[in-house]
Protein chains: 4
Amino acid sequence: MQEALHTLARLLTSVAVLVAALAVASPPAGAQTTAGDPDAERKADLITAYKILVNEGILDSFGHVSVRSAKDPNVFFMPRAMPPALVSVDDLLELRVSDSQPIDPKGRRVNGERYIHGEIYKARPDVMSVIHSHSQAVIPLSLTPIKLRPVVAQAGFLPPETPTFEIREVRKDGDRGMQVTDSVRGSALARTLSSHPVALMRGHGEVVVGGSVKQAVVYAAYVDINARMQMQALLLSRDIVALDGPELFTPAEFDINRPWEHLRQKTLDDAARAKVDRAQFGLDQTQAKR
Amino acid sequence: MQEALHTLARLLTSVAVLVAALAVASPPAGAQTTAGDPDAERKADLITAYKILVNEGILDSFGHVSVRSAKDPNVFFMPRAMPPALVSVDDLLELRVSDSQPIDPKGRRVNGERYIHGEIYKARPDVMSVIHSHSQAVIPLSLTPIKLRPVVAQAGFLPPETPTFEIREVRKDGDRGMQVTDSVRGSALARTLSSHPVALMRGHGEVVVGGSVKQAVVYAAYVDINARMQMQALLLSRDIVALDGPELFTPAEFDINRPWEHLRQKTLDDAARAKVDRAQFGLDQTQAKR
Amino acid sequence: MQEALHTLARLLTSVAVLVAALAVASPPAGAQTTAGDPDAERKADLITAYKILVNEGILDSFGHVSVRSAKDPNVFFMPRAMPPALVSVDDLLELRVSDSQPIDPKGRRVNGERYIHGEIYKARPDVMSVIHSHSQAVIPLSLTPIKLRPVVAQAGFLPPETPTFEIREVRKDGDRGMQVTDSVRGSALARTLSSHPVALMRGHGEVVVGGSVKQAVVYAAYVDINARMQMQALLLSRDIVALDGPELFTPAEFDINRPWEHLRQKTLDDAARAKVDRAQFGLDQTQAKR
Amino acid sequence: MQEALHTLARLLTSVAVLVAALAVASPPAGAQTTAGDPDAERKADLITAYKILVNEGILDSFGHVSVRSAKDPNVFFMPRAMPPALVSVDDLLELRVSDSQPIDPKGRRVNGERYIHGEIYKARPDVMSVIHSHSQAVIPLSLTPIKLRPVVAQAGFLPPETPTFEIREVRKDGDRGMQVTDSVRGSALARTLSSHPVALMRGHGEVVVGGSVKQAVVYAAYVDINARMQMQALLLSRDIVALDGPELFTPAEFDINRPWEHLRQKTLDDAARAKVDRAQFGLDQTQAKR
C-alpha cells in the first residue's frame, strides 16, 4: 500500500521536477514575461540578481535589491521582507520613490530598510538599481579608517576612494540601532554615496548602485574581489599600488555583459544541482506552503 | 518512448527517497512529538539546533547543546556522549540542574562536560539553552588579551566586552587538562559568563546561552560572523569602531525568528542533498545498526 | 521485493546519464581527434587545461590559455573571446605569432589580449603554451614591492625572484586601462617575463608559460600554492626561508605528469557531478541553443 | 537499440554500484580481511587513513602514509608511488625497516621518500604508523623561526615546541632538492623528530607519527587545527597563551577513537556522494584501466 502511494506521489513529483527544471534552465532565469508589461525584463533581471548574489555569498539572510520602474521612474520594485534566497517575481512590491511607501502591498510586509532604495532613487536619477548587502568582504574595511580603493583592473569603475557611511553622524537622541529605517537616515546615506557607485556602511555592509540591475550586480561582485585583494595586500605592505587616473573608467567603458553572463551561468549550474535534490524530496512543495 | 520509460523509472525509483524526504522536511526537523509532552517542542528545536550548528561548522566532533525542561526547570536535556552530527531525539538524557547528574541514563554514557550546562542553568534562571562549541572563529581571539567586541550590526546583543574564561584560575594542584568536568570548574565558568550571552574559553572554544534554543543558535551564528569581522579589521588597523550604547540591544529587541528560519532552511537543503546519496546506497540502514 | 523494484528502476533511469558519462570520461576530455591533425593532441590538452584551471579557480570569467602549433611554430591556437568555463575544441582560432592576428576567424570574435600570447611566442622559442590568469592568489603580492619567491619544494622551477610587470612603464599619453591589447604592451610584458616561467602583472594577475600545456598548467597550480604559503609566512615573520640554489631545479628535472594526472582526475570527478545534474534536466541541450 | 544497450549497461553498472556502496559502508572501510593475515586490520586502517587524509585536504597529490607490520616489526607497508586519492589494499608494498627497500615489489614503483618511514621505524620502536604530508596548514610556520606550539585543548599531545627539520643541515656538496630520498636524510629527519609526535619540514610539510594508524591520523588532524589557530592568534597579538604542563597529556590519556570515528564517518558520507556520481558514469571502470 505504501509503495502504491509513493508510486503515485513520485509520478506527480516528477512532473513538478521537470517543470522546475525547465523554469531554471530558461534564460533569463524566472522570466515569466507578462505580455505588454514594460517592467517585465527589469523584474526578471531582479530575480536573477537575487539568485546570483545569494550564490556568490554577497546576500545571505539579510540584504535586498531593487529596480526602478521603466514605465514610471517615480516607482521602484523590491521584494516584501523575506529571505533573499526565496525571492520570486510574485514577491515584488511597488513602492514610491517619493516616500519609500508601498502602493497596494496586499498585506505583504515591507522591508524596514526600503528607505535605502527610495532615497537613493530620489537623489540619483541615473540609478536604476540598488543593492544593499552585508557582504563580509567589505565589513572589515568599513570598521577601520581605511577607505576602499580600486586595486584590481576590473574595479576601475570605483573612485580613488569610496566613502564609508557613518550612521552616528545623523543619529538623534533616542535613535537606536544601525538600520536605515527612515528618510532622514536614507537621505544621509544617499548624500554619502553622492555620485559614486558604492558606499560602505560601517559595521553593516554596503550599498551598490548601477544604471541597470546587471551593472549593479557586476559592480557588487567586483567590489567583493577588490576589497579582498586590497585587504590582503595591506597585510603584506602599507605601500600598495591603487589604480590611477588612466586606469579608471566610466560605466560606459565597462562591458558588464560578459561577467553577468558568466555569473548567471555559474548560478544556473548550482541551482540545477540544488533543485535535483530538493525536488526529489518534495521540498519545493514544502517551501510553497509557508 | 524515452519519456515514457523515464516516467516509469522515476515513479519506481524513489520510494525510499520520498520517505527520507518526508522525515527531513517536516518542520521542525525530527519532531516526533509525543502527545502531551510539554517538552516536545524544546527537544525538537534541540535536534534542529544540532543539525544547524554542525552544518555551520560551529560544532564538529566536539561540542554540545542542551535545553532546560519547560515542565521542570530543575531538569535539562542533553544528548549522551556522541558525535554532534548524529544526535536524534532518542539520544537525549535528562539531567538534574542541581548536580549535573543524569536521571535514569539507561546505560547511556553521559558527557563529561555536562557541568557547563548544569552550573549555568543553576546560576542563570533566565537561560533556557546552552551551547558549548569549539568554534574556530573564536579560538584565536581567546588565545590573546583581546576581548570579543560587537562590531557588526546584528551582534548588538553582545556586551561591549565579552569575558574570556581562563580555567587556570580555578585549577587546583593535581588538576589536569582544560575540560569542565566538575561543578567547581562549571560554576567558575558560570561566574565568568555572569549575565552575558557568551563567554569565550581560552584555547577551548565558547559557551553561548539564550532564552530559547533558537536564540542561542542565532547568537552563536552571529558570534562567529562578528569574531571573524573583528579579527580581520584588527589585522588592518588597531583603530576599529565597535558598536556603542545606542547600537546595542536587548534580547527582546532582536527578532531571531528570521535568521533561525534562514539557517533551518539552509540546513534542510544541505541535509536533503546528503540524504539523496546515502539513501540510494542503503547507508541509512547501515548507520542504524551501530 | 524492494530490491527487485530498485533493480528495475536503476536499469531504466540512467540512459542519458550513461551517455553523458561516456562523453566526460573519455580521456583526454574533449579529444575529438581529427585523424592526421598533428595539433590534435595539443588542442585536446588545451581544452583539458581550461577545465582544470577553471576547476582550480585560477581562471574565472577572465583569463585565457593558448598553445603553439606543432605543425607550424609561427601559429598558435587560442579560443575566441568567451567565458573560460565553456571553451571547446570548436572555439579555437588560429593566430599568427608575428602580429597576433587571426587566420580566417569566420566571424568569431578574437580576444583583445591575444598580444600577451603572440608576443611571448615571438620572444620565447622555447615556450609552447601561455596562460594568462587573474588568479587571486598572486594579485595581493603584485600590488606590493614584494616579489614572488619560491618557498615550497615543488616551486623550485621559479627563479629567486619573479618579476612583476608594471604596465605604466610603457604607457603612452592617451593610453587607458591595464589590458595588454597591442604589440607594444605585449612585447613589454615579454621583456619583463624574459626567460622566466612566470611574471606577475600588477593589479591584474599573471602570465605563466611552459614547454607544453601540461607544464604551464602544473606551474600555474604551484605558483598559486607557493604564493599563498609565502604570503601567510610573511604575515607571521619577515624572516622567512626561500629555496636556495641547490633547491631550485630546471624544467627537465620536474616530472609534471603526476600532478597533471592528479589535477585532471580531480577535474573529471567534479565535472561528472555537475553533468549528472544538468543531464537530468536537459540543461545541456538548453546551453547548446545559446 | 541504444536504449536496449544502455538498459543492459545500467543493470551491470547498478550491480557494481551496489557492491561499491556496500564496500564503502562497511566499517572499517575497505576491510577485506584475509583470514589469518595478522596485518589485515592495520592495512585496512591504512586505506581508511588515506581516504580520511585526502578528504581533510591533508594529503593532496603528494604525501604518503605507512604502517609497521604486526607480524614482523622489521617490515612496514606503504603504497607504491601513486596519487593518495587512489590507494587501495592491492597497492601496498612491503618494505624493510633496515634499508627502506621493498621486498618483492613485482614491478611496482616504490616511493622515493620511503626513507622517511623506514628511518623513523628504525629510530622509534614505539611508532607503528608514519604520515608524511604537504599540509598547507603547517608550511607557513615552517618557513619562519616560529615553532608550532600547542594552543588548542585537543593538541595537548604536542610538546611545548615542535621541531622544524631543516634539510640544509645535512646537505652535502652536490645534493639537490629537498626530498628525503636516502637514509642519511631520513635518519637526520628521525633525529629531528626525536621522541616527538610531529616534526615540521621547512618549505615541505610535516611528518606525524603514532602508536597506531588511527592515532597518527587524529594527531595530523589536530596539528592542522592547532597550526591554524596558532597562526591566526599570532596575527592578532604576539602575546598568546600556549598550553602549559598540566594541560599537556600523554598518548595514553587521549582517547582518539571518538575523533577517528567522526573523521571516518565524515569521509564515508563524502565518499558516498562522490561514488554516486562516479559510478553512474562508469568512471570507476575508467580509473581501473590505468
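The values are calculated or read from the model by the stated rules, or taken from the named source; none is laboratory data. This one's a predicted model, so the numbers in the text were calculated from it and none came from an experiment. Neighbour counts are summed over all protein chains in view; Cβ atoms, including those assigned to glycine, are modelled from backbone coordinates with ideal geometry.
Count of region B:244-256 residues, restricted to those that are at pLDDT 85 or above and in contact with a helix residue (DSSP H, G or I) (Cβ under 7 Å, 6 or more places away or on another chain), is 1. Taking region B:207-254 only, how many residues are free of Cβ contacts under 8 Å to residues at least 12 places away in the same chain and aliphatic (A, V, I, L, M)? Matching residues across region B:207-254 total 3.
One residue stands out among those in region C:116-126 that are surrounded by fewer than 24 Cβ atoms within 10 Å (Cβ to Cβ) and of a type outside the set (Gly, Ala, Ser): the one that is nearest to the other protein chains (Cβ to nearest Cβ), which is C:126.
Restricting the first member to region A:49-63 and to residues that are under 9 Å from residue A:267 (Cα atoms), and the second to residues that are modelled with pLDDT under 95 and among the charged types (D, E, K, R), the beta-carbon pairs closer than 6 Å and six or more apart or on different chains are A:55/A:270. If the condition is being part of a helix (DSSP H, G or I), under 16 Å from residue A:164 (Cβ atoms) and among the aliphatic types (A, V, I, L, M), then region B:229-257 contributes B:229, B:233, B:236.
A single entry from B:174, B:186 fulfils the requirement of being more than 21 Å from residue B:217 (Cβ to Cβ) and part of a loop (DSSP other than H, G, I, E, B): B:174.
Looking at region B:166-178, I want the residues that are more than 11 Å from residue D:245 (Cβ to Cβ) and modelled with pLDDT of 95 or more and have a partner that is buried (at least 17 other Cβ atoms within 10 Å of the Cβ) and β-branched (Val, Ile, Thr) with Cβ atoms under 7 Å, at least 6 apart or on another chain. Which pairs are those? The qualifying pairs are B:178/B:167. Considering (1) among the β-branched types (Val, Ile, Thr); (2) in a helix (DSSP H, G or I); (3) within 23 Å of residue D:76 (Cα to Cα), the lone condition that residue D:223 does not fulfil carries the number (3). Consider residue D:281 carefully, then state whether it is surrounded by 21 or more Cβ atoms within 10 Å (Cβ to Cβ) and at pLDDT below 95. Considered against the rule, which asks whether it is surrounded by 21 or more Cβ atoms within 10 Å (Cβ to Cβ) and at pLDDT below 95, residue D:281 comes out as yes. Scanning region D:45-79 for residues that are farther than 18 Å from residue D:210 by Cα, polar (S, T, N, Q) and not in a helix (DSSP H, G or I) turns up just one, D:61. From the list A:247, A:253, the lone residue that is farther than 17 Å from residue C:143 by Cα and of a type outside the set (A, V, I, L, M) is A:253.
Residues of region B:87-139 that are on the phi > 0 side of the Ramachandran plot and charged (D, E, K, R): B:104, B:106. Take region B:225-248 and flag every residue that is hydrophobic (A, V, I, L, M, F, W, C), within 8 Å of chain A (Cβ to nearest Cβ) and within 22 Å of the chain's Cα centre (by Cα). B:225, B:229 - these are the residues of region B:225-248 that are hydrophobic (A, V, I, L, M, F, W, C), within 8 Å of chain A (Cβ to nearest Cβ) and within 22 Å of the chain's Cα centre (by Cα). Considering every residue within region B:66-86, establish whether at least one is farther than 29 Å from residue D:226 by Cα, among the basic types (Lys, Arg) and free of Cβ contacts under 8 Å to residues at least 24 places away in the same chain. There is no residue in region B:66-86 that is farther than 29 Å from residue D:226 by Cα, among the basic types (Lys, Arg) and free of Cβ contacts under 8 Å to residues at least 24 places away in the same chain. Looking only at residues of region C:199-220 that are of a type in the set (A, V, I, L, M) and under 13 Å from the mean Cα position of the chain (by Cα), we find that the one that is farthest from residue C:265 (Cα to Cα) is C:207.
If we scan region B:143-161, do we find a residue that is among the hydroxyl-bearing types (Ser, Thr, Tyr) and under 20 Å from the mean Cα position of the chain (by Cα)?
Restricting attention to region B:143-161, the residues satisfying the condition of being among the hydroxyl-bearing types (Ser, Thr, Tyr) are B:144.
Applying the additional criterion that residues be under 20 Å from the mean Cα position of the chain (by Cα) yields none.
No, region B:143-161 contains no residue that is among the hydroxyl-bearing types (Ser, Thr, Tyr) and under 20 Å from the mean Cα position of the chain (by Cα).
Of the residues making up region C:101-113, not a single one is under 15 Å from the mean Cα position of the chain (by Cα) and over 21 Å from residue C:165 (Cα atoms).
What tally of residues in region B:89-112 results from selecting those that are among the acidic types (Asp, Glu) and not in a helix (DSSP H, G or I)? It would help to see each step written out before you state the result.
As a first pass, look at region B:89-112 and keep what is among the acidic types (Asp, Glu): B:90-91, B:94, B:99, B:104.
This time we only want the ones that are not in a helix (DSSP H, G or I), so: B:94, B:99, B:104.
Going through region B:89-112 one residue at a time, the tally reaches 3.
Given (1) over 26 Å from residue D:187 (Cα atoms); (2) in a loop (DSSP other than H, G, I, E, B), identify the lone condition not met by residue D:82. The failed condition is (1).
You will find that of C:140, C:159, C:145, the residue that is in a loop (DSSP other than H, G, I, E, B) and either among the basic types (Lys, Arg) or within 14 Å of another protein chain (Cβ to nearest Cβ) (or both) is C:145 and no other. Check whether at least one residue in region C:196-210 is in contact with a helix residue (DSSP H, G or I) (Cβ under 9 Å, 6 or more places away or on another chain), at pLDDT 95 or above and within 14 Å of chain D (Cβ to nearest Cβ), and report yes or no. No: zero hits.
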